[in-house]
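To start, the structure under review is shown below, and the notes come after it.
The values are calculated or read from the model by the stated rules, or taken from the named source; none is laboratory data. Keep in mind that this is a model prediction, so the values were computed, not measured. Glycine also receives a Cβ, built like all others from the backbone with ideal geometry; neighbour counts cover every protein chain displayed.
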Amino acid sequence: MTSKRHKQTDDDAVLDAARECVLAVGVRRTTLTDIARRAGVSRMTLYRRWPDVRSIVADLMTREWTALAAEISAAGRDASGPARRALVDNLVEGVRALRDHPLLRKIVDVDPELLLPYVLHRQGASQRAFCRILEEAVRAGHADGSIRRGDPVRQARALLLIAQSFALSAPIVTDAEHTAGDFDAELREILERALRP
């Protein structure tokens with residue numbers, strides 16, 4: 001019987017291989033054979049865990065983006081001061097990091113239809129994880145009085161909508177006069193105004 005740790009290592013090897021393939025050629029041109037070859041496993045090994053490339057890529061996106069959110073959130077917990085400041089700082093930094101993430105950039109540039117279900121029809125695992133992190137931060141802001149009172153679940157989901165829009169759509173409105181940094185500053189102002197008591 002395979003241990004949980006060994007299985008996680010195997011899954012990570014497959015997700016690492018999928019990442020390399022997607023960054024090289026995009027999702028549509030990546031095959032299970034390509035991923036299996038890079039991971040050093042058989043296609044049947046992949047089929048036991050994932051039915052197709054898109055399901056592997058979905059797990060890859062979850063791994064990459066929740067790790068990014070957890071890293072930024074952990075850094076924010078180490079900061080002193082009001083919870084609102086840490087939340088706003090983390091969200092602005094998270095949006096910037098996600099917007100510049102090579103995997104997201106490749107998917108947006110080559111396979112944007114892959115993101116449509118998560119924008120129009122349902123929450124993915126990453127979005128649910130982001131909402132949990134945001135809800136915890138909102139509750140901390142309620143406790144220290146730095147965030148206006150309200151339903152923390154609704155507030156967290158509203159923050160997700162704002163952040164998602166800036167992460168996915170900011171590149172289409174930037175130009176020489178209006179840079180990504182300018183929109184990061186606007187995002188900070190929007191968040192401050194939305195959260196201030």
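Points worth noting:
- Residue that is surrounded by fewer than 17 Cβ atoms within 10 Å (Cβ to Cβ), modelled with pLDDT under 95 and within 30 Å of Gly141 (Cβ to Cβ), where the choices are Ser73, Ser80: Ser80
- Restricting Ala67, Ala36 to residues that are loosely packed, with under 13 Cβ neighbours inside 10 Å, over 22 Å from Pro171 (Cα atoms) and among the hydrophobic types (A, V, I, L, M, F, W, C) narrows the list to Ala67.
- Within the range 112-157, the set of residues being among the aliphatic types (A, V, I, L, M), over 30 Å from Val27 (Cβ atoms) and assigned to a helix (DSSP H, G or I) comprises Ala137, Val138, Ala140, Ala143, Val153.
- Those helices (runs of 4 or more DSSP H) of the range 1-63 in which 2 or more residues are at pLDDT 90 or above, within 18 Å of the chain's Cα centre (by Cα) and of a type in the set (D, E, K, R) occupy 4-25.
- Filtered residues of the range 171-197 (kept if part of a helix (DSSP H, G or I), in contact with a Phe, Trp or Tyr (Cβ under 9 Å, 6 or more places away or on another chain) and surrounded by 12 or more Cβ atoms within 10 Å (Cβ to Cβ)): Phe183, Asp184, Glu186, Leu187, Ile190
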